[in-house]
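The values are calculated or read from the model by the stated rules, or taken from the named source; none is laboratory data. Keep in mind that this is a model prediction, so the values were computed, not measured. Neighbour counts run over all protein chains shown; Cβ positions are idealised from the backbone, glycine included. Accessible surface areas use protein heavy atoms only, side chains included; no ligands, DNA or RNA. Shrake-Rupley method; radii C 1.70, N 1.55, O 1.52, S 1.80 Å.
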Amino acid sequence: MKTSIVMTAYNVGEYIEQAMKSVLAQSHRELELVVVLDAPTDNTAEVVKSVEDERIRVIENAENLGAGASRKVGIEAARGEYVICVDGDDYLDEDFIESLVKEAETTDADIIVGGLSIIRDNGAYERVCYGSMTKEGEEKYMGYRQERVPFINNKLIRRSLYKKVPYSTRRFIEDLPTYNKILYFAAKVAYVNNDGYFYRQHDKSLLHEADQFKHMLFNA
């Protein structure tokens, strides 16, 4: 099953080579990596272009559009049946995509949710998994509400859903307005007990740089 990994890249030169190579090393080989360069001001572009693989496609924004609009560009360029987003400062275990794809093939779910491994600058490490289960109807929303880290990067999503719900162009908290609507159209959501998405939390990340009051207000 052809799978698209969309990776937005803005000033992540320190991390993005690891992120890209973790995607290219996936045991699931039938994939493409769409990297959207969002007019970075560091060496991100140079690092991205130094990684060679025929499965990579690089798109360059003429100006900085922000995370939401950049993901929208990458998702619209994707060719796979399913799409997953990976941040340029995160990385994956080699079997992460395969475990999600196998669940998609088994259950025909529109969304397949994996777990997370959260890595902080102070060395703290936290594993977050949601078990193995399938949700339909109202249970889809209950499952999402129970997720401790509700974001889109750990989710393999059928690309056709993005035709009904274009990705939000917000620069901040762009996941929530997108995923809540996608969840409505999804017939089935499956969960996989694999915490192979390594989510790096550091002071340079958008969440830490943004106004925390706005974050709390938008979530409310």
ask   = For the stretch 27-43, does any single residue satisfy the condition of being in contact with a Phe, Trp or Tyr (Cβ under 6 Å, 6 or more places away or on another chain) and within 16 Å of Arg170 (Cα to Cα)?
value = yes
note = Of (1) open to solvent by 60 Å² or more (accessible area, probe 1.4 Å); (2) hydrophobic (A, V, I, L, M, F, W, C); (3) assigned to a loop (DSSP other than H, G, I, E, B), Phe151 fails just (1)
query = Before we move on, is Ser117 small (Gly, Ala, Ser), open to solvent by less than 10 Å² (accessible area, probe 1.4 Å) and under 15 Å from the mean Cα position of the chain (by Cα)?
reply = yes
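Any residue that is over 18 Å from the mean Cα position of the chain (by Cα) and under 23 Å from Met7 (Cα atoms) - is there at least one of those in the stretch 154-171?
Residues of the stretch 154-171 over 18 Å from the mean Cα position of the chain (by Cα): 164.
Still in the list and also under 23 Å from Met7 (Cα atoms): 164.
Yes, that holds for at least one residue.
Outside any loop (DSSP other than H, G, I, E, B) and more than 15 Å from the chain's Cα centre (by Cα): which single residue out of Val83, Val58 fits that description?
Details: Val83 fails: more than 15 Å from the chain's Cα centre (by Cα).
Answer to the check: Val58.
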task = Those residues that are open to solvent by less than 10 Å² (accessible area, probe 1.4 Å), touching a Phe, Trp or Tyr at 6+ places or on another chain (Cβ under 9 Å) and over 19 Å from Ala77 (Cα atoms), I need them from the stretch 1-26; list them, please.
result = Ala19, Gln26
task = Go through Asp53, Asp87 for me and flag whichever is under 30 Å from Ala187 (Cα atoms) and among the acidic types (Asp, Glu).
result = Asp87
